[in-house]
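The values are calculated or read from the model by the stated rules, or taken from the named source; none is laboratory data. Note that the structure is a prediction, hence the values are computed from the model and not measured. Methodologically, a virtual Cβ is constructed for each residue, glycine included, from the backbone with ideal geometry; neighbour enumeration extends over all protein chains shown. For the accessible areas, the whole protein counts, side chains as well, though only heavy atoms, and no ligand, DNA or RNA atoms are used. Shrake-Rupley method; radii C 1.70, N 1.55, O 1.52, S 1.80 Å.
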Amino acid sequence: MMNILIADDDTASRKMIAQYLKKKAYNVFEAANGIETFTSILEHPINIAIIDWVLPGMDGIEVCRKIREKQKGSYVFIIMLTAKEEKQDLIEGFEAGVDEFIMKPVNLQELIARIKVGIRIVDLERKLIEKQRELSGTNEMKNKFIGIVAHDLRNPVISIRGFSELLLKDGTNFTEEHNEFLDIIHSTSRNMLAMINDLLDISRIESGKMQLSQKNGSLNKLILERIQLIQLQADKKHISIHKDLPTIPEVAFDVHRLGQAIDNLITNAIKFAPIGSNVYLSLQQNGELVHFSVTDEGPGIPREEQHLLFSEFHRLSIRPTGGETSTGLGLAIAKKIIEAHNGMIEFETQEGMGSTFSLVLPVARSIVPGIDHIKK
(Lines give C-alpha, C1' and ligand atoms only; values in the text may rest on other atoms or scores of the structure.)
Protein backbone atom coordinates (compact mmCIF):
# COMPACT_ATOMS: atom_id res chain seq x y z
CA MET A 1 0.00 0.00 0.00
CA MET A 2 1.21 3.50 -0.84
CA ASN A 3 2.08 5.60 2.24
CA ILE A 4 1.18 9.29 1.93
CA LEU A 5 1.97 12.08 4.40
CA ILE A 6 -0.17 15.24 4.45
CA ALA A 7 1.53 18.12 6.30
CA ASP A 8 -0.54 21.28 6.92
CA ASP A 9 -1.07 23.42 10.04
CA ASP A 10 -4.64 24.14 8.93
CA THR A 11 -6.40 21.28 10.74
CA ALA A 12 -9.62 21.45 8.71
CA SER A 13 -7.81 21.43 5.37
CA ARG A 14 -5.45 18.64 6.48
CA LYS A 15 -8.29 16.42 7.76
CA MET A 16 -10.32 16.97 4.61
CA ILE A 17 -7.44 15.87 2.36
CA ALA A 18 -6.57 12.95 4.68
CA GLN A 19 -10.15 11.62 4.63
CA TYR A 20 -10.33 11.94 0.85
CA LEU A 21 -7.06 9.98 0.41
CA LYS A 22 -8.18 7.29 2.85
CA LYS A 23 -11.32 6.75 0.76
CA LYS A 24 -8.99 6.19 -2.21
CA ALA A 25 -7.35 3.34 -0.20
CA TYR A 26 -4.10 5.13 0.61
CA ASN A 27 -2.36 4.72 3.97
CA VAL A 28 -2.28 8.29 5.34
CA PHE A 29 -0.03 9.98 7.92
CA GLU A 30 -0.53 13.53 9.21
CA ALA A 31 1.74 16.31 10.49
CA ALA A 32 0.90 19.80 11.73
CA ASN A 33 4.34 21.49 11.65
CA GLY A 34 7.77 21.30 10.04
CA ILE A 35 9.46 19.24 12.76
CA GLU A 36 6.66 16.63 12.76
CA THR A 37 6.86 16.46 8.96
CA PHE A 38 10.62 15.90 8.88
CA THR A 39 10.49 13.34 11.72
CA SER A 40 7.61 11.39 10.15
CA ILE A 41 9.47 11.03 6.86
CA LEU A 42 12.59 9.79 8.61
CA GLU A 43 10.73 7.36 10.88
CA HIS A 44 8.07 5.99 8.50
CA PRO A 45 8.28 4.50 4.99
CA ILE A 46 6.63 7.53 3.36
CA ASN A 47 6.34 7.28 -0.42
CA ILE A 48 4.64 10.59 -1.18
CA ALA A 49 4.75 13.73 0.99
CA ILE A 50 2.19 16.51 0.46
CA ILE A 51 3.67 19.50 2.30
CA ASP A 52 2.32 23.01 2.78
CA TRP A 53 4.93 25.68 2.04
CA VAL A 54 3.96 27.63 5.18
CA LEU A 55 4.46 25.48 8.30
CA PRO A 56 5.21 26.48 11.91
CA GLY A 57 8.75 25.96 13.20
CA MET A 58 10.27 24.99 9.84
CA ASP A 59 8.72 25.94 6.50
CA GLY A 60 8.05 23.42 3.75
CA ILE A 61 11.08 24.42 1.66
CA GLU A 62 13.47 23.90 4.60
CA VAL A 63 11.83 20.56 5.36
CA CYS A 64 12.32 19.56 1.73
CA ARG A 65 16.01 20.53 1.78
CA LYS A 66 16.61 18.52 4.95
CA ILE A 67 14.78 15.49 3.56
CA ARG A 68 16.99 15.50 0.45
CA GLU A 69 20.12 15.89 2.59
CA LYS A 70 19.34 13.33 5.32
CA GLN A 71 16.91 10.76 4.01
CA LYS A 72 18.40 7.44 2.89
CA GLY A 73 16.75 4.53 1.16
CA SER A 74 13.65 4.88 -1.00
CA TYR A 75 12.91 8.14 -2.78
CA VAL A 76 10.17 10.38 -1.34
CA PHE A 77 8.08 12.15 -3.98
CA ILE A 78 7.31 15.66 -2.67
CA ILE A 79 4.24 17.69 -3.66
CA MET A 80 4.33 21.27 -2.34
CA LEU A 81 1.07 23.11 -1.52
CA THR A 82 1.43 26.85 -2.05
CA ALA A 83 -0.34 30.11 -2.82
CA LYS A 84 2.87 31.50 -4.35
CA GLU A 85 2.82 31.91 -8.11
CA GLU A 86 6.01 33.86 -8.77
CA LYS A 87 8.44 32.01 -11.03
CA GLN A 88 11.34 32.69 -8.64
CA ASP A 89 9.46 31.03 -5.77
CA LEU A 90 8.82 27.94 -7.89
CA ILE A 91 12.50 27.82 -8.94
CA GLU A 92 13.49 27.99 -5.26
CA GLY A 93 11.21 25.04 -4.55
CA PHE A 94 12.56 22.90 -7.38
CA GLU A 95 16.14 23.65 -6.30
CA ALA A 96 15.22 22.50 -2.77
CA GLY A 97 14.01 19.16 -4.16
CA VAL A 98 10.27 19.67 -4.73
CA ASP A 99 8.86 17.37 -7.44
CA GLU A 100 5.43 18.94 -8.03
CA PHE A 101 3.49 22.07 -7.01
CA ILE A 102 -0.25 22.43 -6.38
CA MET A 103 -1.79 25.87 -5.94
CA LYS A 104 -4.06 26.48 -2.96
CA PRO A 105 -6.96 26.08 -2.51
CA VAL A 106 -6.36 22.43 -3.42
CA ASN A 107 -8.32 20.85 -6.24
CA LEU A 108 -8.70 17.22 -5.11
CA GLN A 109 -8.88 15.81 -8.63
CA GLU A 110 -5.63 17.58 -9.52
CA LEU A 111 -4.09 16.27 -6.30
CA ILE A 112 -4.97 12.67 -7.23
CA ALA A 113 -3.50 13.19 -10.71
CA ARG A 114 -0.24 14.48 -9.18
CA ILE A 115 -0.18 11.57 -6.73
CA LYS A 116 -0.51 9.12 -9.63
CA VAL A 117 2.52 10.74 -11.28
CA GLY A 118 4.38 10.33 -7.98
CA ILE A 119 3.37 6.66 -7.71
CA ARG A 120 4.78 5.95 -11.18
CA ILE A 121 8.08 7.61 -10.26
CA VAL A 122 8.27 5.84 -6.88
CA ASP A 123 7.55 2.48 -8.57
CA LEU A 124 10.23 3.11 -11.19
CA GLU A 125 12.71 4.04 -8.48
CA ARG A 126 11.87 0.86 -6.56
CA LYS A 127 12.41 -1.28 -9.69
CA LEU A 128 15.71 0.51 -10.33
CA ILE A 129 16.93 -0.29 -6.80
CA GLU A 130 15.94 -3.95 -7.24
CA LYS A 131 17.78 -4.09 -10.57
CA GLN A 132 20.87 -2.47 -9.02
CA ARG A 133 20.87 -5.05 -6.23
CA GLU A 134 20.53 -7.83 -8.78
CA LEU A 135 23.39 -6.42 -10.88
CA SER A 136 25.52 -5.90 -7.77
CA GLY A 137 25.09 -9.56 -6.87
CA THR A 138 25.92 -10.63 -10.41
CA ASN A 139 28.98 -8.37 -10.46
CA GLU A 140 30.16 -9.80 -7.13
CA MET A 141 29.84 -13.33 -8.49
CA LYS A 142 31.72 -12.31 -11.64
CA ASN A 143 34.59 -10.82 -9.62
CA LYS A 144 34.77 -13.90 -7.40
CA PHE A 145 34.81 -16.19 -10.46
CA ILE A 146 37.48 -14.12 -12.21
CA GLY A 147 39.60 -14.08 -9.05
CA ILE A 148 39.39 -17.86 -8.57
CA VAL A 149 40.11 -18.69 -12.23
CA ALA A 150 42.98 -16.19 -12.53
CA HIS A 151 44.53 -17.36 -9.26
CA ASP A 152 44.37 -21.02 -10.30
CA LEU A 153 45.87 -20.27 -13.71
CA ARG A 154 48.71 -18.10 -12.42
CA ASN A 155 50.94 -20.81 -10.92
CA PRO A 156 50.99 -23.16 -13.93
CA VAL A 157 51.63 -20.26 -16.30
CA ILE A 158 54.53 -19.09 -14.09
CA SER A 159 55.93 -22.63 -14.27
CA ILE A 160 55.64 -22.73 -18.07
CA ARG A 161 57.38 -19.36 -18.36
CA GLY A 162 60.14 -20.38 -15.92
CA PHE A 163 60.88 -23.78 -17.48
CA SER A 164 60.85 -22.39 -21.02
CA GLU A 165 63.30 -19.69 -19.92
CA LEU A 166 65.63 -22.34 -18.45
CA LEU A 167 65.48 -24.36 -21.68
CA LEU A 168 66.22 -21.26 -23.76
CA LYS A 169 69.30 -20.52 -21.66
CA ASP A 170 70.49 -24.04 -22.46
CA GLY A 171 69.72 -23.61 -26.15
CA THR A 172 72.86 -25.39 -27.33
CA ASN A 173 71.15 -28.76 -26.83
CA PHE A 174 68.30 -27.92 -29.24
CA THR A 175 67.93 -27.31 -32.92
CA GLU A 176 67.21 -23.81 -34.25
CA GLU A 177 63.60 -24.82 -34.85
CA HIS A 178 63.22 -26.11 -31.28
CA ASN A 179 64.66 -22.86 -29.91
CA GLU A 180 62.18 -20.94 -32.02
CA PHE A 181 59.30 -22.98 -30.55
CA LEU A 182 60.63 -22.43 -27.02
CA ASP A 183 60.84 -18.70 -27.66
CA ILE A 184 57.19 -18.70 -28.74
CA ILE A 185 56.19 -20.66 -25.60
CA HIS A 186 58.12 -18.25 -23.38
CA SER A 187 56.73 -15.13 -25.05
CA THR A 188 53.16 -16.44 -25.00
CA SER A 189 53.36 -17.50 -21.34
CA ARG A 190 54.73 -14.05 -20.43
CA ASN A 191 51.76 -12.39 -22.19
CA MET A 192 49.33 -14.79 -20.52
CA LEU A 193 50.80 -14.00 -17.10
CA ALA A 194 50.36 -10.26 -17.72
CA MET A 195 46.70 -10.87 -18.62
CA ILE A 196 46.15 -13.05 -15.53
CA ASN A 197 47.71 -10.39 -13.30
CA ASP A 198 45.38 -7.78 -14.83
CA LEU A 199 42.39 -10.03 -14.14
CA LEU A 200 43.49 -10.53 -10.53
CA ASP A 201 43.96 -6.77 -10.10
CA ILE A 202 40.53 -5.87 -11.47
CA SER A 203 38.95 -8.60 -9.32
CA ARG A 204 40.61 -7.19 -6.17
CA ILE A 205 39.69 -3.63 -7.03
CA GLU A 206 36.05 -4.40 -7.85
CA SER A 207 35.74 -6.45 -4.66
CA GLY A 208 37.13 -3.57 -2.57
CA LYS A 209 40.20 -5.61 -1.58
CA MET A 210 42.89 -3.36 -3.05
CA GLN A 211 44.96 -1.82 -0.26
CA LEU A 212 47.36 1.09 -0.49
CA SER A 213 50.38 1.51 1.75
CA GLN A 214 51.21 5.19 1.22
CA LYS A 215 54.38 7.00 2.18
CA ASN A 216 55.79 10.36 1.16
CA GLY A 217 58.33 9.93 -1.61
CA SER A 218 59.93 11.25 -4.77
CA LEU A 219 57.79 10.87 -7.86
CA ASN A 220 60.85 11.80 -9.98
CA LYS A 221 62.75 8.79 -8.63
CA LEU A 222 59.82 6.41 -9.14
CA ILE A 223 59.31 7.52 -12.75
CA LEU A 224 63.02 7.12 -13.58
CA GLU A 225 63.01 3.62 -12.07
CA ARG A 226 59.98 2.65 -14.17
CA ILE A 227 61.59 4.05 -17.35
CA GLN A 228 64.64 1.81 -16.80
CA LEU A 229 62.39 -1.26 -16.68
CA ILE A 230 60.47 -0.21 -19.79
CA GLN A 231 63.39 1.09 -21.88
CA LEU A 232 63.96 -2.28 -23.59
CA GLN A 233 60.41 -2.24 -25.01
CA ALA A 234 61.05 1.20 -26.51
CA ASP A 235 64.45 0.17 -27.90
CA LYS A 236 62.93 -2.83 -29.71
CA LYS A 237 60.68 -0.41 -31.63
CA HIS A 238 63.38 2.28 -31.98
CA ILE A 239 61.20 4.69 -30.00
CA SER A 240 62.99 7.58 -28.29
CA ILE A 241 61.82 8.50 -24.78
CA HIS A 242 62.30 12.21 -24.02
CA LYS A 243 62.22 13.21 -20.34
CA ASP A 244 61.37 16.56 -18.75
CA LEU A 245 61.30 15.60 -15.09
CA PRO A 246 62.27 18.51 -12.82
CA THR A 247 62.41 17.95 -9.06
CA ILE A 248 59.04 18.56 -7.44
CA PRO A 249 57.66 18.32 -3.87
CA GLU A 250 57.05 14.86 -2.44
CA VAL A 251 53.85 12.97 -3.16
CA ALA A 252 52.14 10.41 -0.91
CA PHE A 253 51.91 7.15 -2.84
CA ASP A 254 51.98 3.38 -2.77
CA VAL A 255 55.19 2.48 -4.62
CA HIS A 256 53.88 -0.75 -6.18
CA ARG A 257 50.46 0.54 -7.22
CA LEU A 258 51.51 3.97 -8.51
CA GLY A 259 54.41 2.31 -10.33
CA GLN A 260 51.83 0.05 -11.97
CA ALA A 261 49.79 3.07 -13.17
CA ILE A 262 52.90 4.84 -14.49
CA ASP A 263 53.97 1.64 -16.31
CA ASN A 264 50.57 1.44 -17.93
CA LEU A 265 50.71 4.96 -19.36
CA ILE A 266 54.27 4.65 -20.66
CA THR A 267 53.85 1.12 -22.10
CA ASN A 268 50.57 2.14 -23.75
CA ALA A 269 52.36 5.03 -25.46
CA ILE A 270 55.11 2.69 -26.67
CA LYS A 271 52.60 0.02 -27.65
CA PHE A 272 50.56 2.29 -29.94
CA ALA A 273 53.31 4.64 -31.16
CA PRO A 274 54.73 4.10 -34.67
CA ILE A 275 58.14 2.42 -34.93
CA GLY A 276 60.91 5.04 -34.85
CA SER A 277 58.69 7.75 -33.28
CA ASN A 278 58.98 9.67 -30.01
CA VAL A 279 57.37 9.49 -26.56
CA TYR A 280 57.55 12.54 -24.29
CA LEU A 281 57.37 12.37 -20.49
CA SER A 282 56.87 15.51 -18.42
CA LEU A 283 56.40 16.29 -14.74
CA GLN A 284 55.22 19.60 -13.31
CA GLN A 285 53.59 21.14 -10.28
CA ASN A 286 50.51 23.36 -10.56
CA GLY A 287 49.67 24.74 -7.13
CA GLU A 288 48.78 21.81 -4.85
CA LEU A 289 48.66 19.33 -7.73
CA VAL A 290 51.35 17.36 -9.53
CA HIS A 291 50.92 16.36 -13.19
CA PHE A 292 52.81 13.49 -14.83
CA SER A 293 52.09 13.40 -18.57
CA VAL A 294 52.91 10.91 -21.32
CA THR A 295 52.58 12.07 -24.94
CA ASP A 296 52.91 9.83 -27.99
CA GLU A 297 52.90 10.33 -31.76
CA GLY A 298 50.41 7.53 -32.33
CA PRO A 299 47.11 7.44 -34.23
CA GLY A 300 45.06 9.16 -31.54
CA ILE A 301 41.72 7.84 -30.28
CA PRO A 302 38.56 8.11 -32.41
CA ARG A 303 36.02 10.50 -30.88
CA GLU A 304 33.26 7.89 -30.87
CA GLU A 305 35.44 5.50 -28.83
CA GLN A 306 36.82 7.92 -26.24
CA HIS A 307 34.03 7.18 -23.73
CA LEU A 308 35.25 3.55 -23.63
CA LEU A 309 38.84 4.41 -22.69
CA PHE A 310 38.55 3.56 -18.99
CA SER A 311 35.96 0.80 -19.34
CA GLU A 312 36.79 -2.79 -18.49
CA PHE A 313 37.29 -5.40 -21.23
CA HIS A 314 36.79 -2.90 -24.07
CA ARG A 315 39.30 -2.89 -26.89
CA LEU A 316 39.40 0.08 -29.25
CA SER A 317 39.77 -0.04 -33.02
CA ILE A 318 43.38 1.21 -32.84
CA ARG A 319 45.91 -1.61 -32.65
CA PRO A 320 49.45 -1.93 -31.24
CA THR A 321 52.12 -1.20 -33.86
CA GLY A 322 54.46 -4.05 -32.89
CA GLY A 323 52.07 -6.95 -32.45
CA GLU A 324 51.79 -6.46 -28.67
CA THR A 325 48.83 -7.92 -26.78
CA SER A 326 46.24 -6.03 -24.72
CA THR A 327 43.62 -7.11 -22.17
CA GLY A 328 41.62 -3.89 -22.34
CA LEU A 329 42.02 -3.55 -18.56
CA GLY A 330 45.15 -1.44 -18.16
CA LEU A 331 43.59 2.03 -18.20
CA ALA A 332 40.65 0.91 -16.05
CA ILE A 333 43.09 -0.39 -13.43
CA ALA A 334 45.27 2.75 -13.63
CA LYS A 335 42.24 5.01 -13.19
CA LYS A 336 41.10 3.17 -10.06
CA ILE A 337 44.63 3.24 -8.62
CA ILE A 338 44.94 6.99 -9.17
CA GLU A 339 41.48 7.67 -7.73
CA ALA A 340 42.46 5.64 -4.65
CA HIS A 341 45.37 8.12 -4.31
CA ASN A 342 42.79 11.00 -4.37
CA GLY A 343 43.93 11.88 -7.88
CA MET A 344 42.56 11.56 -11.42
CA ILE A 345 43.57 10.73 -14.99
CA GLU A 346 43.15 13.31 -17.76
CA PHE A 347 43.67 12.85 -21.49
CA GLU A 348 43.86 14.86 -24.70
CA THR A 349 43.80 13.20 -28.09
CA GLN A 350 43.38 14.01 -31.74
CA GLU A 351 43.05 11.48 -34.51
CA GLY A 352 46.29 11.23 -36.47
CA MET A 353 48.10 13.54 -34.03
CA GLY A 354 48.74 11.34 -30.98
CA SER A 355 47.52 11.38 -27.38
CA THR A 356 48.53 12.75 -23.99
CA PHE A 357 47.57 10.97 -20.76
CA SER A 358 48.20 12.66 -17.41
CA LEU A 359 48.21 11.41 -13.83
CA VAL A 360 47.13 14.22 -11.49
CA LEU A 361 48.02 13.78 -7.82
CA PRO A 362 47.91 16.05 -4.75
CA VAL A 363 51.16 17.23 -3.20
CA ALA A 364 51.87 15.09 -0.11
CA ARG A 365 50.26 15.92 3.19
CA SER A 366 52.28 15.36 6.34
CA ILE A 367 52.70 11.62 6.97
CA VAL A 368 54.58 10.25 9.95
CA PRO A 369 57.69 8.41 8.64
CA GLY A 370 57.53 4.65 8.91
CA ILE A 371 53.75 4.47 9.37
CA ASP A 372 51.71 2.91 6.56
CA HIS A 373 48.44 4.56 5.64
CA ILE A 374 46.04 1.95 4.35
CA LYS A 375 43.17 2.81 2.08
CA LYS A 376 40.74 0.42 0.51
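Tabulated values for the structure
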read-out: Phi to ³J(HN,Hα) by Karplus 6.51 cos²θ - 1.76 cosθ + 1.60 over segment 344-354, Hz, x for Gly, Pro; value: 7, 10, 10, 8, 10, 8, 8, 4, x, 10, x
read-out: Leu308/Glu95 FRET efficiency (R0 45 Å; Cβ-Cβ; nearest 0.05); value: 0.85
read-out: Length gained when the stretch Glu165-Lys15 is fully extended (0.36 nm per residue, less Cα-Cα span); value: 45.5 nm
read-out: Local electrostatic count at Ser240 - Lys and Arg +1, Asp and Glu -1, tallied over other residues with Cβ under 12 Å; value: -1
read-out: DSSP beta bridge pairing in segment 200-349, given as percent antiparallel to the nearest 5; value: 70
read-out: In nm, spacing of pseudo-spin labels at Ile121 and Arg154 (7 Å Cα→C-beta vector); value: 4.8
read-out: Per residue accessible area of the chain, 1.4 Å probe, in Å²; value: 56
read-out: Packing-based order for 92-104, 25-37, using average beta carbon neighbours within 10 Å, highest first; value: 25-37, 92-104
read-out: Long-range HN-HN contacts of Phe101 with modeled amide H, under 5 Å; value: Met80
read-out: Charge context of Gln71, other residues only, Cβ under 13 angstrom, K/R +1, D/E -1; value: +2
read-out: Among beta bridges that DSSP assigns inside the chain, antiparallel share in %, nearest 5; value: 55
read-out: Gyration tensor (Cα) of segment 226-327, equivalent ellipsoid semi-axes in angstrom; value: 24, 18, 14
read-out: The chain - mean residue ellipticity at 222 nm from DSSP helices (-39,500 (n - 2.57) per run, n ≥ 4, rounded to 500); value: -17000 deg cm²/dmol
read-out: Percent carbon-and-sulfur accessible area, the chain, ignoring ligands, DNA and RNA, probe 1.4 Å; value: 53
read-out: Cα gyration tensor of the chain - equivalent ellipsoid semi-axes, whole Å, descending; value: 59, 24, 20
read-out: Net charge, Thr82 excluded, C-beta distance under 9 Å - Lys, Arg +1, Asp, Glu -1; value: -1
